[in-house]
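Reviewing the structure listed below.
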Amino acid sequence: MDLRITCIPGDGIGPEIVAEAKKVLNKVAEVYGHQMQFTDILMGGASIDACGVPLTDEAIATAKAADAVLMGSIGGNTTTSPWYKLPPNLRPEAGLLKIRKALNLFANLRPAYLYQELSGACPLKEEISSKGFDMLIMRELTGGLYFGERKTVEENGVLKAIDTLTYDENEIRRIAIKGFEVAMKRRKKVTSVDKANVLDSSRLWRKVVEEVAKEYPEVTLEHMLVDNCAMQLVKDPAQFDVILTENMFGDILSDEASMVTGSIGMLSSASLNDTKFGLYEPSHGSAPDIAGMDIANPIATILSASMMLRYSFDMDKEADAIDAAVRQVLQDGFRTGDIMSEGCEKVGCKRMGDLIAERIQ
Ligand code: NAD
């Protein structure tokens, strides 16, 4: 296959970790006989320095013309960097919001997987972590409470704030379809999370999810209230495969799920639109405190590249090869500083990329 991939190295450790992901993708291309063409664009602080804005229209056009986008991370030290003295619409993060909107990325996928080799970093009790877990949160990203009408008014001398939570059936249907499609590539179970005992938007959510489920008879659907889900994530995370939920619940639950893995440098993510197009990036930030030191963990970005192959290009075999190479490197005892433990060999960012690329078969 011929793949055109736009890369956003970004700021801080971004350029270092994206370079390692490209290294691994190039090895995949060589082993499996694909052509991959990478085009870099500027975003965030790097774009502010070069162009005066966090994302140019030309950069957006380049991203749109590609088959998928692979990103490092953007932003600097929010206390000391001059980027944060600019008005909010010119700061690095405005670039990220702009590209998500321009590319219509409404589905956010965040896997949370516990590697047995890293289970020591899991904050849960051993009797829970020893069972392992492998889940993916599918969060609706462009609707709900964060995008509804809001206002603050004064009534009879009392301040009152109003936020509105709206979803229409089409918004729910398109994210539900994504959730079931992803479950078909995994263990075929969807847990739809809502608050249907209280909220009308959740009752509509449940109704539409049940309609969509009829199209996927191989997938088991269960419903769970969000408060129960927050408990179950720490009590029995092994029960989950795909958690499908709306924007605010997903915001909170995806952070909870990622923290129970204990290893931020390992967590990938994807944001998809209604075609196969997606933007893939690690869940962590640009780590300006360790930028340029060759000590960042590139695995989250490498696993994001694996998600790109799986979800944008349907290259499950190639994605499996990357996931297996990452597992093998951990089994062979190599660690970057952030996941280091006794008896392992500490390696830098570049060496970690080399070790993973060498294991692609
Ligand atoms: P951060 O995730 O960058 O760093 C938190 C801590 O984790 C730091 O100690 C850092 O060194 C460490 N860390 C993060 N990734 C690592 C990796 N791959 N390997 C080893 N250690 C790693 O969070 P922060 O410090 O709150 O934010 C820094 C900047 O990143 C801010 O400007 C923030 O706005 C931005 N940010 C960007 C994104 C994004 O681009 N999507 C997401 C989150 C934060």
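For (1) under 30 Å from GLU342 (Cβ atoms); (2) touching a Ser or Thr at 6+ places or on another chain (Cβ under 8 Å); (3) crowded, with 18+ Cβ neighbours inside 10 Å, each residue gets a yes or a no:
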| residue | (1), (2), (3) |
| --- | --- |
| GLY132 | yes, yes, no |
| GLY143 | no, yes, yes |
| VAL158 | no, no, no |
| ILE177 | no, no, no |
| MET184 | no, no, no |
| VAL198 | no, no, no |
Review point. Given the structure, is LEU90 within 16 Å of the ligand (Cβ to nearest atom) and surrounded by fewer than 23 Cβ atoms within 10 Å (Cβ to Cβ)?
Key: yes
**Study point:** Top-ranked residue of the range 33-55 - restricted to ones that are in a helix (DSSP H, G or I) and in contact with a Pro (Cβ under 6 Å, 6 or more places away or on another chain), ranked as nearest to the ligand (Cβ to nearest atom)
**Key:** GLY45
Review point. Do we have LEU70 as within 13 Å of the ligand (Cβ to nearest atom), buried (at least 20 other Cβ atoms within 10 Å of the Cβ), among the aliphatic types (A, V, I, L, M) and assigned to a loop (DSSP other than H, G, I, E, B) here?
Key: no
Exercise for review: Starting from residues that are modelled with pLDDT of 95 or more and touching a Leu at 6+ places or on another chain (Cβ under 6 Å), keep the ones in the range 235-261 and report whichever is nearest to ALA176 (Cα to Cα).
Suggested key: VAL242
Exercise for review: State the number of residues belonging to the range 264-278 that are within 10 Å of the ligand (Cβ to nearest atom), open to solvent by less than 20 Å² (accessible area, probe 1.4 Å) and among the aliphatic types (A, V, I, L, M).
Suggested key: 2
Point to revise | Subset of the range 56-67 that is part of a helix (DSSP H, G or I) and within 20 Å of PHE313 (Cα to Cα) - its residue that is least open to solvent (accessible area, probe 1.4 Å) | key: ALA63
Exercise for review: Determine the pairs where a residue that is within 23 Å of CYS7 (Cβ to Cβ) and of a type in the set (A, V, I, L, M, F, W, C), located within the range 81-97, has a partner that is part of a helix (DSSP H, G or I) and within 10 Å of the ligand (Cβ to nearest atom) with Cβ atoms under 6 Å apart, the partner being 6 or more residues away or on another chain.
Suggested key: TRP83/GLY45; TRP83/PRO92
Review point. For the range 221-245, which residues satisfy the criterion of being closer than 28 Å to LEU309 by Cβ and crowded, with 17+ Cβ neighbours inside 10 Å?
Key: LEU221, LEU233, PRO237, PHE240, ASP241, VAL242, ILE243, LEU244, THR245
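If you go through the range 279-290, how many residues are modelled with pLDDT of 95 or more and either surrounded by fewer than 23 Cβ atoms within 10 Å (Cβ to Cβ) or more than 14 Å from the ligand (Cβ to nearest atom) (or both)?
First, the residues of the range 279-290 that are modelled with pLDDT of 95 or more: 279-282, 286-290.
Checking which are either surrounded by fewer than 23 Cβ atoms within 10 Å (Cβ to Cβ) or more than 14 Å from the ligand (Cβ to nearest atom) (or both) leaves us with 288-290.
Qualifying residue count for the region: 3.
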Check your understanding: Can you name the number of the only condition in (1) free of Cβ contacts under 8 Å to residues at least 60 places away in the same chain; (2) within 16 Å of the ligand (Cβ to nearest atom); (3) closer than 21 Å to VAL190 by Cβ that MET293 fails?
Key -> (3)
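The values are calculated or read from the model by the stated rules, or taken from the named source; none is laboratory data. Note that the coordinates shown come from a computational prediction; the quantities given were computed from them, not determined experimentally. Ideal geometry is used to build each Cβ from the backbone, glycine not excepted, and the neighbour counts take in all protein chains shown. Accessible surface areas use protein heavy atoms only, side chains included; no ligands, DNA or RNA. Shrake-Rupley method; radii C 1.70, N 1.55, O 1.52, S 1.80 Å.
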